[in-house]
Amino acid sequence: MPEIALIDRAVIKVSGRDAERLLQDTLTARIAPDLEGTGRWFALLSPQGKILAEGLVSRAEGAFWFDLPKAAKDDFLKRMRLYKLRAEVELEDKTGQKLVGWSRASPGEGVTFPDRREASLGYRVIAPEAEARQWDGDATRFEAARVKAGIAELGADFAPDQQFPHDIGMDLLGGVDFEKGCFVGQEVVSRMQHRGAARRRPVVVKGQARLTQGADLRCGGRVVGTVTSVAGKAGLAIARIDRVSDPLDCLAGDVPASLELPSWASYGFSASSGNGDSA
């Protein structure tokens, strides 16, 4: 069996006759039968288009399974209970009863699905607490892979109601379905998409020494962001890419650093890349 690292996440199970319709009408991602056996990035937005909750969703055992940061769990449940009204939908908090693990290879147990955002992010598995006791509790390898892939996470990299989906690359990684029609916050997100208006984007920070979480990120003497998640000499930041004139000449606090774009990025540095403003 592949090695599985336990990661600190919440688990929500959503089921019922109207579950697919409710989720399709409220979340950013495409919620459909093709979720069986795979994972898709999703967000629940405010009416102003900012992220209140985000994570991965899959379909298995006749239900939708949500793997999301614990910091987003309570608000996600509260809002979804309001949105469901009289719909036949059951929302169950399985956190504690079910645990979330991460593996580079398919573990072949529990509710298992690949993280399609980036190949190095491997697989997620959701299993009963008793079955998960043998998992490795050290999530260092997962965090290093996430930072290297440039995947920002609510709680670790930003607070609720601060960032738009474009700011963390959801528009490029299947987290937003621009064809399905209305969802909460859809008008704002669609307007940003059509205007090409994203100046804030994830970047990978490479330091010459160990980076410090919370350090200001400066390029050409201008603050372009803040280092959030850190894995040794590598870090993650949601940066103003239009302010970066030379990505090889930056400072993360007092540490000389360079910036790299994630492998999946289709954007570039500096105002000449043609990016607009996201806020």
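The values are calculated or read from the model by the stated rules, or taken from the named source; none is laboratory data. Everything quoted here is computed from the prediction, not taken from an experiment. Backbone-built Cβ (ideal geometry, glycine too); neighbour counts: all protein chains shown. Just the protein is used for accessible areas: all its heavy atoms, side chains included, with ligands, DNA and RNA removed. Shrake-Rupley method; radii C 1.70, N 1.55, O 1.52, S 1.80 Å.
Listed values, structure above:
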| read-out | value |
| --- | --- |
| Which numbered condition PRO128 misses (of (1) open to solvent by 70 Å² or more (accessible area, probe 1.4 Å); (2) farther than 18 Å from PRO69 by Cβ) | (1) |
| Residue ranges of strands (runs of 3 or more DSSP E) in region 30-114 with at least 2 members aromatic (Phe, Trp, Tyr) | 40-45, 63-69 |
| Top-ranked residue in region 8-24 [being under 20 Å from the mean Cα position of the chain (by Cα) and open to solvent by 10 Å² or more (accessible area, probe 1.4 Å); ranked as modelled with the lowest pLDDT] | ASP8 |
| Test result for ASP249, acidic (Asp, Glu) and surrounded by 19 or more Cβ atoms within 10 Å (Cβ to Cβ) | no |
| Condition check for LYS73: crowded, with 17+ Cβ neighbours inside 10 Å and farther than 26 Å from LYS148 by Cα | no |
| Unmet requirement for LYS50, which otherwise passes all of (1) under 12 Å from the mean Cα position of the chain (by Cα); (2) surrounded by fewer than 22 Cβ atoms within 10 Å (Cβ to Cβ) | (1) |
| Residue satisfying condition, being touching a residue at least 12 places away in the same chain (Cβ under 8 Å), in a strand (DSSP E or B), under 27 Å from ARG116 (Cα atoms) and open to solvent by less than 30 Å² (accessible area, probe 1.4 Å), within set VAL230, VAL224, VAL203, VAL189 | VAL203 |
| Residue list for region 157-172, filter: within 10 Å of the chain's Cα centre (by Cα) and either more than 25 Å from ARG195 (Cα to Cα) or surrounded by fewer than 19 Cβ atoms within 10 Å (Cβ to Cβ) (or both) | ASP157 |
| Residues that are in a helix (DSSP H, G or I) and either open to solvent by 20 Å² or more (accessible area, probe 1.4 Å) or among the hydroxyl-bearing types (Ser, Thr, Tyr) (or both), drawn from region 141-156 | ARG141, GLU143, ALA144, LYS148 |
| Filter result (closer than 15 Å to LEU27 by Cβ and in contact (Cβ under 8 Å) with a residue 12 or more places away in the chain) within region 74-96 | ASP75, PHE76, LEU77, ARG79, MET80, TYR83, LYS84, ALA87, VAL89, LEU91 |
